[in-house]
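The values are calculated or read from the model by the stated rules, or taken from the named source; none is laboratory data. The structure presented is a predicted model; accordingly, all values stated were derived computationally and were not measured. Using ideal geometry, Cβ is built from the backbone for each residue, glycine included, and neighbour counts are taken over all protein chains shown. These area figures cover heavy atoms from the full protein model, side chains too; ligands, DNA and RNA do not enter into them. Shrake-Rupley method; radii C 1.70, N 1.55, O 1.52, S 1.80 Å.
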Amino acid sequence: MEQHHDHDHQHHQHKPMHKGHSEMPAEAEHVHPKSHDGGAEHSGHDKHAGHHTADFLKRFWICLVITVPVLLLSHMIQQWLGISWTFPGDAYVLLVLGTVIYFYGGWPFLDGLVREVRSRNLGMMTLVAVAITTAYVYSVAVALGLRGMDFFWELATLIDIMLLGHWLEMKSQMAASRALESLVALLPAVVHVEKDGQVSDIALKDLKSGDLLLVKPGEKVAADGVVTDGNSYVNESMLTGESTPVQKRKDDKVIGGAVNGDGILKVSVTGAGDQSYLQKVITMVRSAQSAKSNTQNLADKVAKWLTLISITVGIVTFIVWYTGGQELAFALERMVTVMVTSCPHALGVAIPLVIAISTSLSATHGLLIRNRTAFENARKLTTIIFDKTGTLTKGTHEVQQIIPLDSRFSPDELLQYAAAVQQNSEHHIAHGIMRKLKQAGLELWSSTDFNYMQGVGVSGRVKGGEVVAAGPNYFKQAHKSMPEIPDQVDQAIETVNFVLIDGEPAGLITFADTIRESAAEAVAELKNMHIKTFLLTGDNEKIAEAVSRKLDMDGYLANVLPHEKQNKVREFQQRGEIVAMTGDGVNDAPALAQADVGIAVGSGTDVAAETADIILVNSDPMDVAQMIRFGRATYRKMVQNLAWAIGYNVIAIPLAAGILYPSFMLSPAMGAVLMSASTIVVAINAKLLQVK
């Protein structure tokens, strides 16, 4: 993720379809992109960002420790607790402790105040800085002899809460920067290059177009290229969304980042470094993420106005009382009362507390929220695009049908024969057969003379007979006629594997990427919410149509390559749709970043999770519908809390200014109590939030 914007100007970036991020403190503003070679440059930037995050946490813990004696020594807290721990000089001890917290813990906010004033864009940092400065200056004056009650405890608790909140924000931002690292990690650090018949190992960054690459079994393909020799099945699912490993022979193209199967491939490099397909995906993720605007949310705007109103009313209050003949102490007390009463505790807690509670509640219901603004915007969604493999389907090839072609063999026996020879294979079909055998509770027979036939299947001896488990390619290679496949097999969506015993076809086993049990229910639920659903996949038209029709979706988009997925999302957005993208693989990352709300399934790759705004831990499509319902409930709580926080200030600030004097005058202490009560009301309301 490239996020190298200036904090002072971050609210002036715009994009027609955007997701916002909450405002961050000045020290957290730089999250740097990874360099192409994954070298030291990026690692230094990461340490820089990590240092500031750790610094906020360190400031929080130190201030929290100092807060304990501040609370115990504060007269107001002692009055609340009905205790009295006074000793000569206790006010000066409070003064020293309060000064340490103000300057050490409050420094990031004071620095933020300077930046916001310079940019003429007053907001939350200014409000926090003004509140803590007012509390500090007034408290110092009281400690040095001014009549009144100090507010060092208020200063300490406010700084503690703000430090912790901003640390959590920074942690979330840093996690997003790891998306590019996850992408780059798909490539090996060292590659095998053949030159003049000799194989040598070189660093990935030294690989050039035209080099002859040797890819051993199980290794990652280091760059885009064309196969010059060899035969193997390559897993490209992380890159293209194709659910099954693809056979690669001479003259076939391979993509950097794909995982080689059991064979050895020699590849002539056509695209290394910046020219590689994977690097283009990385660039798309980076551009889609950096284009997102950090728009101010409603709380930021309210905070900005409250800041201006508080400062203005405070100054006007001081001038009116002082020029009206009152003593300096009285006028100053009125001004401080206004500042303390309008302290941003309730406003600061109104939104973040709802988010904190909804985030933890969501986590216990299979949802991880990474971007709060996108989560809030989920209530506006009009269209949800689902990636097929691993999202609506399980992403694993399961046995669908076992059909005997010879009456001497039962389906269970066919499964046992197939499992006996497949048990030594790592192919996805072998895994599917072994899972089926375990589910059926059948005995695993032993086999000997195991032989893996490249791109064809496996063979071995079972119970004294020669057994072959292979695909249609076996019959071409053996120059035999392939048995007729029964009509009950849908060849559009099912993969066929034959079982031959002593050279004669005994039966066939079909496989398919099974649809998740809750997928149809999720689509129906979304329709009830008047949200359209579309299937997006790299698979062929027949499979896409079959799955889309079975789930009763609004449409499908097949044979879509990764860069096209991002474009498809953008096309929907340009038609005025508010779009969510749900996916899992690297190939979905640009689309997840482009969408108004990016939703990743937890079983997917790290990059999709880090690029997404919301992660479905249980990979359950129903969680998408639940997330939207919960997002709407969360938003209602935010609006209620915001209304309370604003309403409280509308009433409390005039009272603090002394509008009812002399019949009623709000003291600074009572102002702080009201402010605390307002915060408690907001907290209780947030606690009432529930997942339905």
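General observations
- Unmet criterion (only one of (1) out of contact with any helix residue (DSSP H, G or I) (no Cβ under 9 Å at 6 or more places or on another chain); (2) open to solvent by 70 Å² or more (accessible area, probe 1.4 Å); (3) touching a residue at least 24 places away in the same chain (Cβ under 8 Å)) for Glu517: (3)
- Answer from Gln416, Gln400 - the residue that is of a type outside the set (Lys, Arg) and in contact with a Ser or Thr (Cβ under 7 Å, 6 or more places away or on another chain): Gln400
- Residues that are closer than 30 Å to Glu577 by Cβ and open to solvent by less than 20 Å² (accessible area, probe 1.4 Å), drawn from region 392-425: Leu392, Thr393
- Taking residues in region 53-65 that are among the acidic types (Asp, Glu), and partners anywhere that are open to solvent by 20 Å² or more (accessible area, probe 1.4 Å) and not in a helix (DSSP H, G or I), not one pair has Cβ atoms closer than 9 Å while being at least 6 places apart or on different chains.
- Counted as qualifying within region 496-587 are the strands (runs of 3 or more DSSP E) with 1 or more residues that are in contact with a His (Cβ under 8 Å, 6 or more places away or on another chain), namely 504-515.
- All conditions but one from (1) surrounded by fewer than 19 Cβ atoms within 10 Å (Cβ to Cβ); (2) at pLDDT 70 or above; (3) within 27 Å of the chain's Cα centre (by Cα) apply to Trp305; the one that does not is (3).
- Near pairs, Cβ below 6 angstrom, 6+ apart or cross-chain, from region 94-109 (under 14 Å from Leu71 (Cα atoms)) to any residue that is among the β-branched types (Val, Ile, Thr): Leu97/Ile66; Leu97/Val70; Ile101/Ile66; Ile101/Ile159
- Enumeration of residues in region 112-139 that are polar (S, T, N, Q) and either under 18 Å from Leu163 (Cβ atoms) or at pLDDT 85 or above (or both): Thr126, Thr133
- Residues that are over 21 Å from Gly197 (Cα atoms) and open to solvent by 30 Å² or more (accessible area, probe 1.4 Å), drawn from region 211-236: Gly218, Lys220, Tyr233, Asn235
- Any hit, region 524-534, residues being open to solvent by less than 30 Å² (accessible area, probe 1.4 Å) and among the small types (Gly, Ala, Ser): no
- If you check Val221, Val234, Val184 for being in contact with a Gly (Cβ under 8 Å, 6 or more places away or on another chain) and modelled with pLDDT under 70, only one passes: Val184.
- In region 67-111, residue most open to solvent (accessible area, probe 1.4 Å) [restricted to those that are among the small types (Gly, Ala, Ser) and at pLDDT below 85]: Ser84
- Within the set Asp623, Asp606, Asp552, the sole residue that is more than 29 Å from Val489 (Cβ to Cβ) and either touching a strand residue (DSSP E or B) at 6+ places or on another chain (Cβ under 7 Å) or modelled with pLDDT of 85 or more (or both) turns out to be Asp623.
- Any hit, region 383-391, residues being open to solvent by 40 Å² or more (accessible area, probe 1.4 Å) and either within 17 Å of the chain's Cα centre (by Cα) or at pLDDT below 90 (or both): no
- Every residue from region 479-502 that is of a type outside the set (A, V, I, L, M, F, W, C) and open to solvent by less than 50 Å² (accessible area, probe 1.4 Å): Pro483, Pro486, Glu494, Asn497
- All positions within region 447-464 that are among the β-branched types (Val, Ile, Thr) and open to solvent by less than 60 Å² (accessible area, probe 1.4 Å): Val456, Val458, Val462
- Residue within region 465-478 that is free of Cβ contacts under 8 Å to residues at least 24 places away in the same chain, crowded, with 17+ Cβ neighbours inside 10 Å and aromatic (Phe, Trp, Tyr) present: yes
- Listed conditions (1) modelled with pLDDT of 85 or more; (2) crowded, with 22+ Cβ neighbours inside 10 Å are all met by Pro505, apart from (2).
Let's see how each residue does on (1) within 18 Å of Leu508 (Cα to Cα); (2) in a strand (DSSP E or B):
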{"position": "Glu413", "(1), (2)": "yes, no"}
{"position": "Ala418", "(1), (2)": "yes, no"}
{"position": "Ala430", "(1), (2)": "yes, no"}
{"position": "Ile433", "(1), (2)": "yes, no"}
{"position": "Leu437", "(1), (2)": "yes, no"}
{"position": "Asn451", "(1), (2)": "no, yes"}
{"position": "Phe475", "(1), (2)": "yes, no"}
{"position": "His479", "(1), (2)": "no, no"}
